[in-house]
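**Q** Please read through the structure below; I'll follow up with questions.
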Amino acid sequence: RASVGPKYLSGLNPEQREAVETLDGPVLVLAGAGTGKTRVLTTRIAHILSQGRARPAEILSVTFTNKAAREMKHRLGQMLGHAVEGMPWLGTFHSIGGRILRFHAELAQLKSNFTVLDVDDQVRLLKQLLQAENIDDKRWPARMLAGLIDGWKNRGLTPSQVPSGEAAMFANGKGGKLYASYQERLKILNAADFGDLLLENIRIFREHPDILRQYQQRFKFILVDEYQDTNVAQYLWLRLLSQAPSSLASPRVREEADAQSAAGEGDSPQAGFVEAAPHPNPLPVKDGEREKNHVKNICCVGDDDQSIYGWRGAEVDNILRFEHDFPGAKVIRLERNYRSTGHILAAASHLIAHNEGRLGKTLRTEDHDGEKVTVTGSWDSEEEARGIGEEIEQIQRKGEKLNEIAILVRASYQMREFEDRFVTLGLPYRVIGGPRFYERAEIRDALAYLRVINSPADDLAFERIVNVPKRGLGDATIQLLHDHARKRRIPLFDAARAVVETDELKPKARGSLRDVVAQFDRWRAQREVTAHTDLAQIVLDESGYTEMWQKDRSADAAGRLENLKELVRSMEEFENLQGFLEHISLVMDREGGAEDDAVSLMTLHSAKGLEFDNVFLPGWEEGLFPSQRTLDEQGRAGLEEERRLGHVGLTRARRRAMIYFATNRRIHGTWSTTIPSRFLDELPAANVEITESKGGSAWGGTGGYGASRFDDMEAFGSTYSTPGWQRAQANRNRGGGRNGGGGRGGFEEEAATFSSSSSGPDFGSF
Ligand code: ATP
Ligand code: MG
């Protein structure tokens, strides 16, 4: 069917085209992965511009990452045939919120050059506040408070709006007060944290209707990608901006009701999301124009099956509320997937069908079946990395680009093995959405300890850890050491040794510094008689570094501890400390991500919205994926979110999706026999092929636990009558003895998580 109209419209299917051309009024595109939602948004912008409906500066479009924003701009240029000048409001929620805040900084008691704090700064500041209040940081860690404040901000709550019950959750009722004094401190420091970038916008909009009106008038069109992952603050922000100026009867009252309801004060989750109050003094509008005049031209696209940020406060309900909040919204569904071949799409659809809480969608492809999804078992994670490395080299030999290859992991510590492998193979790679393994703060700290042991003259390393964990060796002490070192031209460590013999330091600092020097002397002596991996563990434990993270109750502490364990494990592959540190300097020396053509390594979470010809999905094992922590903390809801992650992973692949599991993996520092993920059970036999690992000794044929369990997969047995996880459960109970309690929680516990999931605590907002 020949299409008429501009060239950029010609490739679209009728539903996509409708979503692009329905410029007036609210539009919700609710559709599965790869159906062209992002493409619709980009084309819609092109259409708005080419129709002259708005100038670039009048379009607000929210993308999930800054990279996605750049990409969109690039595509726009291609569609329109000329570069698009100035799309200042194309970016993430944070970048756009930050930009708005800079214009009105004084209304938030800031200057326009305010600093945006990262998590570490944030925690440091909170620690000071806790000290000032005489609150024991051990009992009530600053990171926990940071997490709470972040959660409140994600829900759009200012200090005065935090429900008293929740404020009481920290330091016997001091949480709310600390939140308030934290905000005050931020202003004094001319700083904002990430949450403020939106929260201060919301506050300014509510308190200054004239400013809100300016923005409402400016933004003629609003577009939002990945709408399923918006949190309450983002939702409130969007709602404020998306009302046409005339319809703002009493926004403040209404928005606050929303925030209260979101905070759990309402009778039901939806209670506070009341219908927009009728305008007390309606302007005369012509029939049919009412909607147009009251609600902005907002277009949101999303997929409930890809909602994966529940743990960070995202509310998939925002999708359900859309029609309610924007009466007269046009809801468009797209069903044709343009990304993946038949087998991949079938596998992904079959997997997600095991979730209960779904809106339900159809997905089809007109592409050929392509290659089946492969599932490969390996003996251990090292063999897995070797196998994937070889597979990648083979793909490369066929002349395919490395840019078209991605490895998507569940936990960031999994990346280490791949990074090491790639360095050995000389394969260029980039880590997306986070630092590379050896660049993570906790890894750098641990390496700094080892570097000082290896070379006492390593001043940078010494300075990094001399007061980590806190030992009362502050800036004054460091300054003194520097003075000494400079005067006598000796390393800081030697300066420390000299200084503790004088009375230049206060007794407490002096004692503490003496301990540090003595500890390093002891570790160096031990080095001669202890295996380097054991030494590393001893150093981390005796220095108090491990304990520092164990006491830390923030969301990322557990991940950091896992990374540290992984670091110690990775040392096993080297003969001694020297060899290991040399390897590290090689890895660190590589320019990160500078190559044009490189394999992408990232977490499943960071992979949202992206696509690659070849996608590797390693680590599909119980405990890792689905993550035991998620199951423990969130029960059934957590399991469903994990399954959505699996669905996101599979649907990133255009032509090949390759799943891996290892029969042995170190989890939390202990080797244990692992069980293939229950998600493997849930893949359809017809679309999956079992392959042999290319990495060496295959797991198969050994008659090991992995193999017998594997035989039970639907892919072989094709019994659909028993839900996969129940059979997995039975298997687990059978295998319990063999597993020997090696490191992971008991299976009974896990069963309990399932049965009690409906009444489980709701951690969704933190
Ligand atoms: P996700 O949910 O993963 O974010 P999506 O719905 O945003 O996916 P897009 O990334 O926009 O999907 O599109 C997926 C792929 O399909 C892209 O490569 C896109 O260019 C292509 N595509 C989308 N629509 C069409 C079309 N009408 N004709 C040809 N290719 C299309
Ligand atoms: Mg998309």
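Quick note: the coordinates plus some simple rules give every number you see, no bench work behind them. Note that the structure is predicted; figures quoted are calculated from it, not measured. Positions of Cβ are generated from backbone atoms using ideal geometry, with glycine treated the same way; all protein chains shown enter the neighbour counts.
**Q** Quick query: amide H of I690 versus all other amide H atoms, modeled in the peptide plane; which residues come in under 5 Å with a sequence gap of 5 or more or a different chain?
**A** Those lying under 5 Å, H to H, from I690 are V375.
**Q** Using alpha carbons only, how many angstrom separate the centre of segment 512-526 from the centre of segment 371-447?
**A** Centre-to-centre (Cα) distance: 37 Å.
**Q** For K372, give me every one of the lysines with a C-alpha distance below 18 angstrom, ignoring sequence neighbours fewer than eight places off in its own chain.
**A** Once the sequence-local lysines are set aside, what remains near K372 is K694.
**Q** How long is segment 439-585 along each principal axis, judged by its Cα atoms, biggest number first, in Å?
**A** 43, 35, 25
**Q** With an 8 Å Cα cut-off and a minimum separation of 6 or more residues, compute the relative contact order for segment 485-629 in percent.
**A** 12
**Q** For each of T424, T92, count neighbouring Cβ atoms within 10 Å of the residue's Cβ, then give the residues from fewest to most.
**A** T424, T92
**Q** Can you spot the lysines whose alpha carbon is less than 17 Å from K470's alpha carbon? Ignore those fewer than 8 places along the same chain.
**A** K470 reaches K127, K138, K506, K508, K551.
**Q** Here's another thing I want to ask about it. Taking amide H positions as placed 1.01 Å from N in the peptide plane, with prolines and chain starts having none, which residues 5 or more places from C299, or on another chain, fall under 5 Å of its amide H?
**A** The answer is V27, I222, L223, V224.
**Q** Using the Karplus equation 6.51 cos²θ - 1.76 cosθ + 1.60 (θ = phi - 60°), what ³J(HN,Hα) coupling, rounded to whole Hz, does each residue of segment 338-351 give in order, writing x for Gly and Pro?
**A** Here the 3J(HN,Hα) series is 9, 9, 10, 6, x, 4, 5, 5, 5, 4, 5, 5, 5, 4 Hz.
**Q** Holding the Cα-Cα limit at 27 Å, pick out from K7/K330; K7/K37; K153/K174; K111/K608 the pairs that are longer than that.
**A** K111/K608
**Q** Straight-line reach from K220: which aspartates and glutamates have Cα under 18 Å away, leaving out those fewer than 8 places along the same chain?
**A** The qualifying aspartates and glutamates are E21, D24, E58, E85, D210, E289, E291.
**Q** Let me ask something else. Please give the FRET efficiency for A180 paired with A83, using the beta carbon to beta carbon distance and R0 = 51 Å, rounded to the nearest 0.05.
**A** 0.60
**Q** Over segment 117-189, what is the relative contact order in whole percent, taking alpha-carbon pairs under 8 Å and six or more residues apart?
**A** Relative contact order, segment 117-189: 27 percent.
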